[in-house]
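Taking it in order: structure first as structure tokens, then the write-up.
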Amino acid sequence: MLRALDPSDLARLAPHLRPVDLPLGLSLIAPGEAIAACVFPESGFVSVATAHGQQRVEIGLVGSEGLAGAAPALLADAVTPHAHVVQMAGSGLAIAPAALAAAAAESASLRATLLAYIQTQLLQLGETAHAHAALNLESRLARWLLMCHDRVEEDELALTHEFLSLMLGVQRAGVTLALQGLEGAGLIRNRRKRVLILDRGGLEALTHGSYGVPEAAYARLLTPPPTPRPAGSR
């Protein structure tokens, strides 16, 4: 995300950025509480989820392509109803929301880039809603695995059944059956707390077009684009 910025905009943000560790399970932003910091993940990724009591359902992912807390900080809302939790450990750069908003107010190009990213988040949210309403469990799982795969540098994903059940909004037993279905089709290899991607092209076909719309928008709107893995890669 930072590489997508104009050099002058990156220089504008640089004095306000501080490195942070992103351990697994860290709550970056809690629902209904003032946002202490927005975070540019450099590795790992963050789950964005609705939270109603003890029930949570994931609605988005933020990795090195994005900024956790972008929409609330840029759209003049100090809080968000969505939980932002680290689901794959890594590191990042944090910035105070006020500093980010002030920099965006000073620079039209920075503001345009950040708003373009927020547009891709809205598209991701829309595709997630479609997936939950129209796709079966295996297709939804295939989509989320592709999105996770885009945000790491390896074919093996450290994903627990608990996290997968959160992503899909189902019980763990349903996750087990869906993983078995994808493994039986030769698309993945399911290991304890790990999923090895074997056939991206096969997973993409299984999503029936619900994967790729936000990714294509990101490639069109921001420079440099993310580097999605080629279909059929192992």
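The values are calculated or read from the model by the stated rules, or taken from the named source; none is laboratory data. Only a predicted model underlies this, so the values are computations on that prediction, with no experimental measurement involved. Because the Cβ atoms are built from the backbone with ideal geometry, glycine has one as well, and the counts that use them run over all protein chains shown. These area figures cover heavy atoms from the full protein model, side chains too; ligands, DNA and RNA do not enter into them. Shrake-Rupley method; radii C 1.70, N 1.55, O 1.52, S 1.80 Å.
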### Query
Say the dipole of the chain comes from +1 at the beta carbon of Lys and Arg and -1 at that of Asp and Glu; which of Gln87, Leu5, His16 then lies farthest toward its positive end?
Gln87
### Message
Let's see if you can work this out: charge +1 on each Lys and Arg Cβ, -1 on each Asp and Glu Cβ, no other charges. What is the dipole magnitude of the chain about its Cα centre, in debye to the nearest 20?
### Response
340 debye
### Query
Given H placed on each backbone N at 1.01 Å, which residues far from Ile59 in sequence or on other chains put an amide H within less than 5 Å of it?
Val48, Ala49, Thr50
### Message
Quick query: amide H of Leu159 versus all other amide H atoms, modeled in the peptide plane; which residues come in under 5 Å with a sequence gap of 5 or more or a different chain?
### Response
Arg194, Val195
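Using only the Cα atoms of segment 10-157, build the gyration tensor, take square roots of its eigenvalues as a ≥ b ≥ c, and label the shape rounded, prolate or oblate: rounded if a/c is under 1.5, else prolate if a/b is larger than b/c, else oblate.
Working: a/c = 1.63, a/b = 1.51, b/c = 1.08.
Prolate shape, in that a/c is at least 1.5 and a/b is the bigger ratio.
Taking segment 1-92, how much of its Cα-Cα pair set, in percent, is spaced more than 18 angstrom apart? Intermediate results must be reported in sequence, preceding the final value.
On the way: 1838 of 4186 pairs.
Across segment 1-92, Cα pairs with separations above 18 Å total 44 percent.
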### Summary
In degrees, nearest 10, the alpha-carbon axis of helix 108-134 is tilted away from the dominant principal axis of the alpha carbons of the chain by 20 degrees
### Task
Determine the per residue accessible area of the chain with all protein chains present and a 1.4 angstrom probe, expressed in square angstrom.
46 Å²
### Query
Does anyone have the angle between helix 172-184 and the longest principal axis of the chain? Alpha-carbon axes, 0 to 90°, nearest 10?
70 degrees
